[in-house]
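First the structure, in the form of structure tokens, and then the observations on it.
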Amino acid sequence: MAEPPFLILAPIRGITDCLFRTLFQHHFGGVDEAVAPFLNPQPHANIDLRQLHDLLPEQNRALPVVPQFLHTNPEGLLALGQRLHDLGYTRINWNLGCPAPMVTRKRRGSGLLPYPDAICAFLDVVLPRMPLQLSIKTRLGLNHPDELAALLPRLNDYPLSEIIIHTRLGKQLYRGATDPERFGQSLTLSRHPLVYNGDITDLESWNRLRRQFPTVQRWMIGRGLLADPFLARTIKGELFNPEQRLSMLMAFHQELFTSYKQVLAGPSHLLGRMKQIWFYLAASFPDQDKLWKKIKKAGTEERYLAAIDGAFRQ
Ligand SMILES: Cc1cc2nc3c(=O)[nH]c(=O)nc-3n(C[C@H](O)[C@H](O)[C@H](O)COP(=O)(O)O)c2cc1C
């Protein structure tokens, strides 16, 4: 029998923090690991301890977690690596995929992909002193897929644990078609284990990709899991009937809402956070557009809870 796929929860900044990751795994499960959203680069070696709060081991017991950084400053990164090592982490991920113009302008995230010399120079300085295993999360390029094709053979010389490829260009942001063919080309160019990422949204897209890349073991899913939290277990062969789905979603929401209410400062933060989650989760309900509109409009906790109540009382 084929090995079950290894499924990684993608980092989604603003949503997949430690509380979300933990409750997601408790209520739905099916995910084998998570990459945490990126930590802000620090201008100096002193790390803002609030940033590390999300990664404290006692809050991250539900799921193995790989912290992620966006730095291009070796000293800042090495200090962070040491802190994470002290906390018990063994792995770290370099974000070479972020498409936000504020980030790419500074030649960070996917903004570094047109500059393979700079990427190799950074690895040359950092890897010999880094106490953690390094993986990379990247895209096909910033402006053109030849960028990653040129970079991958050069990365073969470095001891990386894996390379996660979101099969879009940085300039596409999160829209437009993914390009699985280019992932296929990447498999021929890299000696590192490659992880497929991008638009795995249902069983059909999953089966298509699995057939196309039978040797790939590790897969990363972000928005597909936020929209359908049952997707990981569905991929692994489980079935859920509508009543089960509704009651599990309800229990998840109840605990998530109560927990965020305790930790977030005030109703506007709480509603803001819940709306970010529902932007995706509404897809798990019939008439998702109507539901999402109601939730988006809710300006008070009472109105928000009334909108949610309607969704759960079908
Ligand atoms: C709102 C949002 C925030 C994201 N934050 C991060 C991040 O912090 N680090 C990262 O590497 N990718 C981030 N991503 C990209 C996702 O991890 C993932 O690569 C992308 O959404 C494609 O996968 P998907 O189609 O399965 O969602 C973010 C994506 C979105 C939509």
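The values are calculated or read from the model by the stated rules, or taken from the named source; none is laboratory data. Worth saying up front: this structure is predicted, and the values here are computed from it rather than measured. Don't worry about glycine lacking a Cβ; one is built from the backbone with ideal geometry, like all the others, and counts go over all protein chains shown.
Taking the criterion of being surrounded by fewer than 17 Cβ atoms within 10 Å (Cβ to Cβ) and either assigned by TED's automatic domain parsing to the domain that holds K275 or under 27 Å from D289 (Cβ atoms) (or both), would at least one residue in segment 208-228 satisfy it?
Yes, the conditions are met somewhere in segment 208-228.
Looking at this structure, is S205 in contact with a helix residue (DSSP H, G or I) (Cβ under 9 Å, 6 or more places away or on another chain), part of a helix (DSSP H, G or I) and among the small types (G, A, S)?
Against the criterion (in contact with a helix residue (DSSP H, G or I) (Cβ under 9 Å, 6 or more places away or on another chain), part of a helix (DSSP H, G or I) and among the small types (G, A, S)), S205 qualifies.
Scanning segment 150-161 for residues that are assigned to a helix (DSSP H, G or I) and of a type in the set (A, V, I, L, M), which turns out farthest from the ligand (Cβ to nearest atom)?
Per the criteria, the residue is A150.
Give P41, P4, P11 a once-over and let me know the one that is touching a His at 6+ places or on another chain (Cβ under 8 Å) and not in a strand (DSSP E or B).
Step by step, each of P41, P4, P11 is checked, and only P41 is touching a His at 6+ places or on another chain (Cβ under 8 Å) and not in a strand (DSSP E or B).
What number of residues within segment 196-230 are under 15 Å from the mean Cα position of the chain (by Cα) and within 10 Å of the ligand (Cβ to nearest atom)?
The qualifying residues number 15.
Of all residues in segment 262-288, how many are within 21 Å of R313 (Cβ to Cβ) and away from the ligand (no atom under 16 Å from the Cβ)?
5
Out of (1) surrounded by fewer than 21 Cβ atoms within 10 Å (Cβ to Cβ); (2) touching a His at 6+ places or on another chain (Cβ under 8 Å); (3) at positive phi, the odd one out for D199 is which?
Single failed check for D199: (2).
With the structure loaded, tell me whether R168 is part of a helix (DSSP H, G or I) and either farther than 16 Å from I12 by Cβ or modelled with pLDDT of 95 or more (or both) or whether it fails that test.
no
Give all pairs with beta carbons closer than 9 Å in which a residue from segment 55-83 that is farther than 14 Å from P37 by Cβ and modelled with pLDDT under 90 meets a residue that is aromatic (F, W, Y) and within 16 Å of the ligand (Cβ to nearest atom); count only pairs at least 6 apart in sequence or on separate chains.
If the second residue must be aromatic (F, W, Y) and within 16 Å of the ligand (Cβ to nearest atom), the pairs left are H71/W94; G76/F69.
Y260 - would you say it is of a type in the set (S, T, Y), farther than 30 Å from I163 by Cβ and surrounded by 19 or more Cβ atoms within 10 Å (Cβ to Cβ)?
Here the answer is yes, as Y260 does meet what is asked.
Those residues that are under 17 Å from F230 (Cβ atoms) and either in contact with a Gly (Cβ under 8 Å, 6 or more places away or on another chain) or surrounded by fewer than 16 Cβ atoms within 10 Å (Cβ to Cβ) (or both), I need them from segment 263-287; list them, please.
The answer is P286, and nothing else.
Scan segment 214-236 residue by residue and report those that are without any contact (Cβ under 8 Å) to a residue 40 or more places away in the chain and out of contact with any helix residue (DSSP H, G or I) (no Cβ under 7 Å at 6 or more places or on another chain).
P214, T215, V216
Answer yes or no: is there a residue in segment 162-178 that is within 22 Å of P114 (Cβ to Cβ) and more than 15 Å from the ligand (Cβ to nearest atom).
no
Check every one of the helices (runs of 4 or more DSSP H) wholly within segment 227-314 and list those with 3 or more residues that are modelled with pLDDT under 95.
It comes to 301-312.
Can you name the residue in segment 19-38 that is among the aromatic types (F, W, Y) and in a helix (DSSP H, G or I) and is also farthest from A251 (Cα to Cα) among such residues?
The qualifying residue farthest from A251 (Cα to Cα) is F20.
Return the only residue of D287, D228 being out of contact with any strand residue (DSSP E or B) (no Cβ under 9 Å at 6 or more places or on another chain) and farther than 20 Å from V31 by Cα.
D287
With respect to P11, determine if the residue is within 14 Å of the ligand (Cβ to nearest atom) and within 13 Å of the chain's Cα centre (by Cα).
Spelling it out, P11 is indeed within 14 Å of the ligand (Cβ to nearest atom) and within 13 Å of the chain's Cα centre (by Cα).
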